[in-house]
Amino acid sequence: MSELTPPAAKALPHFVNTAPFDPRTIEALTPAQERIYLASQWQLMWWKFKRHKVAVWCGVFLGFLFFVAIFAEFLAPYKLDSRHIESIYHPPQGIHFFHEGSFRGPFVYGSDYKLNMDNLKREYTLNPQKVHPLRFFCTAEPYEMWGFIAGSTHLFCAPEGETVFLLGTDRLGRDMLSRIIFGARVSLTIGLVGVAISFTLGIIIGGLAGYYGGWVDMIVQRVIEVIQSIPSIPLWLALAAIMPVTWSPLVVYFAITVILGLLDWTGLARAVRSKLLALREEDYVLAAQLMGASTSRIIGRHLIPGFISHLIATATISIPTMILGETALSFLGLGLRPPVTSWGVLLTEAQNINVVALYPWLMLPVVPVILVILAYNFLGDGLRDAADPYK
Amino acid sequence: MLRYIFRRVLIMIPTLLITSALIFTIIELPPGDYFESYVAELQAQGEKVDEERLNFLREEYGFDKPPVERYFQWLGGWFVGDFGYSFAYELPVADVVGDRLFLTILVSFVTIIFTWLIAFPIGIYSATHQYSWGDYSLTFVGLLGLATPNFLLALLMMYFANRWFGTSIGHLMAPEFLDQPMSWAKLRSIFEHLWIPVIVIGTSGTAGMIRRLRANLLDELQKQYVTTARAKGLHPFKALMKYPLRMSLNFFIADIGSVLPQIISGAEVVAIVLSLETTGPLLINALQSQDMYLAGSFLMFLAILTVIGVLISDIALAFLDPRIRLSGGSTK
């Protein structure tokens, strides 16, 4: 053993590497890594969000729907209130491409109308002899886009003198497809406006409660508990029922959004409050205070940006509730009134059990409702995951 | 424990007071009162108005006094079992509401049980088989239930129940039992009709519950004690049942608090579509005709129902989880 250890007096030779030494080479980042480390938080969130494929597609789908809503006049084959009295309760016509084995492009079969004298039911039978090829970018009913751009070009329309009802018509002979497209305007915006209201209320009230704490917090907490403990729909009903009948439909529209927003801010306010309670103890808040920043500046400039992404995700998830709420209120006749048309207003036509049995296509507006709500849910899920990109 | 319950009940009092003030304000907001719309209606029909009777009623129910005074009168009545008078029915509110409130409680209770029965196994399956096809499709079905408007589902189910099972359309019982006192045959008829509203109302709550149960159980399953249990060779089923599930059970009870308002809400809309003998249709009529004591007391009953439900869930939770009753504060 002893011969293996060097003699005590003799020191080991001291090794010095003469090559130039750069301490950064050890932790050198590849360009890809560097990109990640230098990326801003929003960029990280975007990358994380992109990985959630379903959410991205739902976002694209919602974007498409907003596009449809914006260009409704052009995309809808008819105007909102165009009536076709000779085709009342016309069933949907399917799009075909092949007629008797030969390709004819997209077309619909015309129908023959007969009034059944036994039960006075209007009966439409498809006539395979009548081939109505669809025209595209055609000139039909004139309209005023957004109320000031005159035009008469539609994406598609029936041949001259014929009609096309891809989703059927209602009791006044109005085209369902056009009405659903126009209804998207109100149904899609009502959620956004409502969320904007609840967002503002939630941030202000939750922000004050969280930042001041103490008795302000105490009162806000109690109020939130009360509002959350009351069943929301009866309260909506109560608020909607007390709206004077004399109000114009447009005022009613805003009143409904305010009602939806007024009762929805509680969840958001809670989220803001709990985040603020944690964040206000941070050093940078103390620094800002010492430098004389005002309360509103500290909350708005230093604290809110720290968790705004969470708030956006939370808000996205609460949009579906609003859309469903509007639909339910309108369906019960307490919400929007014609001529303002939303999907809920369209569904009031389907209130009757006869409709389910005889004219089931009047229930079609429920399809976009379901799709939009699913899309918002998935989008919200994706945003929520992305809001915390470091996880 | 007793102290916890006592404190918890004490908190209910301010909550209910604020609720009552809020409800009274909402009911008071529209201009005019029931009598004005009543007189207008009678005059529109060309009938004579009994001014004397109207004035008597107005005075009797304090409509000549300021709202604040009326509010305290109304509130004071609650303590002696006087909930006001329904002008449209010309009956005390308690007589109008009684039976219907019982049916509302019945529907809500059965719906909660239904929600649990569905959400519990699905939630466990989704959590233990995360990202499997079963998980995805069950979550999707749950979401679909959330996204479908209740009223349309109610309409469709009513139609198909009539087509396939011959269940009479609308109402919570067969038409011949409508005005009869409670009997076994009536109760059976009620249960035959009950499943439609229960399923319709339950669908929306179920989806939320599945998602929350799944998330909670997943959190629990990632903890180290589960890994330890597995490593020791415990049967996976037992490793799931013994602790993680019990932990997420707590949350299950706590969830009643958030599900109950939702269920009572849903019950209202569905009740209107199906014309159930619960509170929905009555509430809307009362609100629209400004039958204010009926509407106000009704909303108040619903609020009390929810608050009591939440109280029960809180007490059950305190039994299950000692940390809750030991922590001093009442806030979460």
Can you grab the distance from the C-alpha centre of the stretch A:272-303 to the C-alpha centre of the stretch B:210-262, Å, no decimals?
37
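In debye, nearest 20: dipole of chain A around its Cα centre with unit charges on the Cβ of K, R (+) and D, E (-)?
With only Lys, Arg, Asp and Glu charged at Cβ, the dipole is about 340 debye.
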So the pair-distance distribution of chain A, from every Cα-Cα distance in 10 Å bins, comes to percents of 4, 16, 21, 20, 14, 10, 6, 4, 2, 2, 1, 0, 0
Any chance you could check the Cα centroid distance between the stretch B:129-150 and the stretch A:28-49 for me, in angstrom?
33
Total accessible surface hidden between B and A, rounded to 100 Å², 1.4 Å probe:
3600
The set of residues whose placed amide H lies less than 5 Å from the amide H of B:Ser86, leaving out same-chain residues fewer than 5 positions away, is B:Leu91, B:Val93
Looking only at other chains, what is the average number of their beta-carbon atoms within 10 angstrom of each beta-carbon in A:350-356?
4
Once amide H atoms are built 1.01 Å from N in the peptide plane, which residues 5 or more positions from A:Tyr143, or in another chain, come under 5 Å H to H?
A:Gly151, A:Ser152
At 7 Å along Cα-to-Cβ for each site, give me the label-to-label distance between A:Ser102 and A:Ala196 in nm.
5.5
Carbon and sulfur together cover what percent of the accessible area of chain A at a 1.4 Å probe radius?
65
Kyte-Doolittle at least -1.0, axis length at least 27 Å by Cα - qualifying DSSP helices, chain B
B:2-28, B:93-128, B:184-221, B:244-274, B:292-320
Which order do peptides A:233-244, A:85-96, A:248-259 fall in by mean Cβ count within 10 Å, highest first?
A:233-244, A:248-259, A:85-96
Once both labels are modelled 7 Å past Cα along the beta-carbon direction, what's the A:Met145-B:Thr227 spacing in nm?
6.0
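With a 10 Å radius around each residue's Cβ, average the other Cβ atoms per peptide and rank A:61-68, A:151-158, highest first.
Ranked from most to least packed, the peptides come out as A:151-158, A:61-68.
When you look at the Cβ of every residue in A:370-380, what mean number of other chain Cβ atoms sits within 10 Å?
3
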Would you grab the residues whose amide H sits under 5 Å from the one on A:Lys130? Only those 5+ places off in sequence or on another chain, please, with H modelled 1.01 Å from N.
A:Gly110
Got a sec to turn the phi values of the stretch A:331-347 into Karplus ³J(HN,Hα) couplings, 6.51 cos²θ - 1.76 cosθ + 1.60 with θ = phi - 60°, whole Hz, x for Gly and Pro?
4, 7, x, 9, x, 6, 10, x, x, 5, 10, 10, 5, x, 4, 4, 6
Relative to the present Cα-Cα distance, how much length would full extension add between B:Phe191 and B:Met247 at 0.36 nm per residue of separation?
16.8 nm
Along the three principal axes, how long is the stretch A:178-386 when you take its alpha carbons, biggest first, rounded to the nearest angstrom?
71, 37, 27
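I need the shape label for the protein assembly as shown. Rule: rounded when a/c is under 1.5, else prolate if a/b > b/c, else oblate, with a, b, c from the alpha carbon gyration tensor. Could you put the intermediate results ahead of the total?
On the way: a/c = 1.80, a/b = 1.26, b/c = 1.43.
It comes out oblate by the Cα gyration axes.
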Partner chain Cβ atoms within 10 Å, averaged over the residues of A:322-332 - can you pull that number for me?
4
For the stretch A:268-282, just list the computed ³J(HN,Hα) in residue order, Karplus coefficients 6.51, -1.76 and 1.60, θ = phi - 60°, integers in Hz, with x standing in for Gly and Pro.
5, 4, 4, 4, 4, 4, 5, 5, 5, 4, 6, 6, 5, 7, 5
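Please list A:283-295, A:303-315 highest first by mean number of surrounding beta-carbon atoms within 10 Å per residue.
Ranked from most to least packed, the peptides come out as A:303-315, A:283-295.
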Could you rank B:Glu268, A:Glu282 by how accessible they are, 1.4 Å probe, largest area first?
A:Glu282, B:Glu268
Let me have the 222 nm mean residue ellipticity of chain A computed from DSSP H runs of 4+ only, each contributing -39500 (n - 2.57), with the sum over all residues rounded to the nearest 500.
-17000 deg cm²/dmol
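The values are calculated or read from the model by the stated rules, or taken from the named source; none is laboratory data. Everything numeric in this text was worked out from a predicted model, so none of it was measured. Please note: Cβ atoms are built from the backbone with ideal geometry, for glycine as well, and neighbour counts cover all protein chains shown. Note: accessible area is taken over every heavy atom of the protein model, side chains too, but ligands, DNA and RNA are not part of it. Shrake-Rupley method; radii C 1.70, N 1.55, O 1.52, S 1.80 Å.
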